[in-house]
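Everything below concerns the one structure shown next.
The values are calculated or read from the model by the stated rules, or taken from the named source; none is laboratory data. Since the model is a prediction, treat every value here as computed from it, not as a measurement. With ideal geometry, Cβ positions are generated from the backbone for all residues, glycine too; neighbour counts draw on all protein chains shown. For accessibility, only protein heavy atoms count, side chains too; no ligands or nucleic acids. Shrake-Rupley method; radii C 1.70, N 1.55, O 1.52, S 1.80 Å.
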Amino acid sequence: MEVAASDDETALAVQEMLAARCAIAAADRTTREPGEPGVRLRCFLDLRHESGS
């Protein structure tokens with residue numbers, strides 16, 4: 001899943017919310033495209049299993 005957000009804090013907060021609801025391979029940093037506003041964060045989720053199972 002790719003998250004587009006205005007800043008690092010927001011993107012990481014979305015990732016944290018997803019991690020509370022499903023299995024996730026979290027990203028440790030965001031990326032920025034030169035000349036484009038905001039940041040992107042790519043993480044991998046498994047929607048078939050709940051976190052902790």
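So here's what we get for this one:
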{"item": "Condition check for A4: in a strand (DSSP E or B), open to solvent by 60 Å² or more (accessible area, probe 1.4 Å) and touching a residue at least 12 places away in the same chain (Cβ under 8 Å)", "result": "yes"}
{"item": "Subset tally (residues that are outside any loop (DSSP other than H, G, I, E, B) and surrounded by 14 or more Cβ atoms within 10 Å (Cβ to Cβ)) for segment 43-53", "result": "1"}
{"item": "Residue ID - surrounded by the most Cβ atoms within 10 Å (Cβ to Cβ), chosen from residues in segment 12-40 that are among the basic types (K, R) and within 11 Å of the chain's Cα centre (by Cα)", "result": "R40"}
{"item": "Residue identified as outside any loop (DSSP other than H, G, I, E, B) and either modelled with pLDDT of 90 or more or at negative phi (or both) among A27, A11", "result": "A11"}
